[in-house]
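Just below is one structure, and these are the notes that go with it.
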Amino acid sequence: MRDAVPPAPGRDSRLDALRGLLQVIIFASHSHGSFIGAWLIPAAWGLSDSSEQFVFLSGLALGSVFARKRLRDGFGAASRDLGQRAVRLWRTHLVVFGLFALMVLGVSLATGDRGEFRGELMRLGFGHLVTAPWHSLLGAAVMLYQPEFMGILPVFVWCMLLLPGFMWLLGRAGDWALLVPIGLWAAVQAWGWAPLGLGGSHIAFNPFAWQVLFLGGAWLGRRMLLGGGPLAGASPRLAAWLTAGSLAVIGFGVVVMLRHYGFLPGALPDDGFWRDKVNLGLPVLLHSFACAWLAVRLLPAAGAAIWQAGWSRALGRIGRHSLTVFCVGLFLAYGVATLIRVTGGARVPVEPFLLDIGLFGLGVGLLYALAVWLDRSARGRPMVRLGRGKVPAMVRE
């Protein structure tokens, strides 16, 4: 007889707002050349950024969904459902890859200069697509050919494929199962394990390392679904120490970045070690977990007025459609970066900083308009029951 199935957790508007904020930050970070993307995002003053938090939150959500489906329908059904989600995301990656490549080719040809044409393709890593198209398309299909902007969706697909095995091990070994993703991450740090990038590209997010964030989130999602928080049964003193330690880690990250920019005297040895995002080095991992812990502690404590404010509801709308907003945001960010680069700021009749603000504001406004349109479209879709409420059929569990 199967265990009792916990009720489906309701949608948390605070998490939606957080996801929306992360999407805005990701859009800014992809808008290369902008002042906002260079100086006004968390990554400019810390060792990790929004990507780590998004992977962790995705693992948390899917871990909860998988655990509930396993209890309700069995392990096989939960695995098939997750496999279908992974295939849909893989297809989305291929569509984005193809459309983005066409856009880059179009921008390159629009320059009218052969040197600039090849330079733009090579700068973004799409040159191999022109010289060896079939090899490039095969590399894109296996997610090992990753030009600029094309690295984030593959790591989600790879992590989703690892999730059923990890959840099975959690059911057998309990929390000891965490030693497997931690051990794989440690192997990356010790021996440099990494998949081989094709076509002269590099793997932007080493899945052997980044899986520890995703599976760590899945562990927490399962634990919360079954009635336990991250520190269920622990003393309040431990939570206080973790909060203090997280603040110390974040403060240390600020010091590292100040030294990196030369604002503080003295340079840290091996600067790459402190900011190894590709392989999720130890400082980056600790910083990302510190940010996640503080979010867990601060989100529930924030007053209702904050979450009911107009800006919070707007971010929540963006967060409810994270995947679509992310994909469209890639194209908008490349457009912003291209306009900033080709105008050079000084060749337009406005101050460079005002151009930067205007383009960024326009991009965020378009992403919000997209989220509003998706919300309104969802209202016309057939509804299915989920737990005690209803959700659009497209997002059924």
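The values are calculated or read from the model by the stated rules, or taken from the named source; none is laboratory data. Only a predicted model underlies this, so the values are computations on that prediction, with no experimental measurement involved. Please note: Cβ atoms are built from the backbone with ideal geometry, for glycine as well, and neighbour counts cover all protein chains shown. Accessible surface areas use protein heavy atoms only, side chains included; no ligands, DNA or RNA. Shrake-Rupley method; radii C 1.70, N 1.55, O 1.52, S 1.80 Å.
Quick notes on this structure:
- Computed from the alpha carbon atoms alone, the convex hull of region 1-156 holds 139 Å³ per residue.
- Charge tally in the Cβ shell below 15 Å around L161, where Lys, Arg are +1 and Asp, Glu are -1, L161 excluded: +3
- Rg/Rh for region 128-234 stands at 1.09; both radii use Cα atoms, and Rh follows the Kirkwood definition.
- Of the whole protein surface, Y368 contributes about 80 Å² of accessible area at a 1.4 Å probe radius.
- About its Cα centre, region 1-150 has a charge dipole of approximately 680 debye under the convention of +1 per Lys or Arg Cβ and -1 per Asp or Glu Cβ, with nothing else charged.
- When the residues V278, V96 are ordered by accessible surface, computed with a 1.4 Å probe over the protein chains alone, the sequence from largest down reads V278, V96.
- When both region 157-184 and region 48-112 are represented by their alpha-carbon centers, they are found 19 Å apart.
- Point-to-point label distance, L362-A248, nm (Cα→Cβ direction, 7 Å offset): 4.8
- With a Förster radius of 25 Å applied to the beta-carbon distance between W373 and L99, the computed FRET efficiency rounds to 0.85.
- In a fully extended conformation the segment linking D12 and R123 would gain 35.9 nm over its present Cα-Cα distance, using 0.36 nm per residue.
- FRET efficiency for A239 and H202, using Cβ-Cβ distance with R0 set to 41 Å, rounded to 0.05: 0.55
- From phi via Karplus (6.51, -1.76, 1.60), per-residue ³J(HN,Hα) for region 161-170 in Hz, x at Gly/Pro: 5, 7, 4, x, x, 5, 5, 4, 5, 4
- The phi-based Karplus calculation (6.51 cos²θ - 1.76 cosθ + 1.60; θ = phi - 60°) puts the 3J(HN,Hα) values of region 174-189 at x, 5, 4, 4, 4, 5, 5, x, 5, x, 5, 4, 5, 5, 4, 5 Hz, whole numbers, x for Gly and Pro.
- Whole-Hz couplings from phi, Karplus 6.51/-1.76/1.60, listed for region 201-208; x for Gly and Pro: 8, 10, 6, 5, 10, 4, x, 5
- M224 accessible area, 1.4 Å probe, all protein chains in place, Å² to nearest 10: 100
- Area projected by the alpha carbon convex hull of region 1-73, averaged over all directions, nm²: 6.1
- Equivalent ellipsoid, region 146-200 (semi-axes from 5 times Cα gyration tensor eigenvalues, Å): 26, 15, 7
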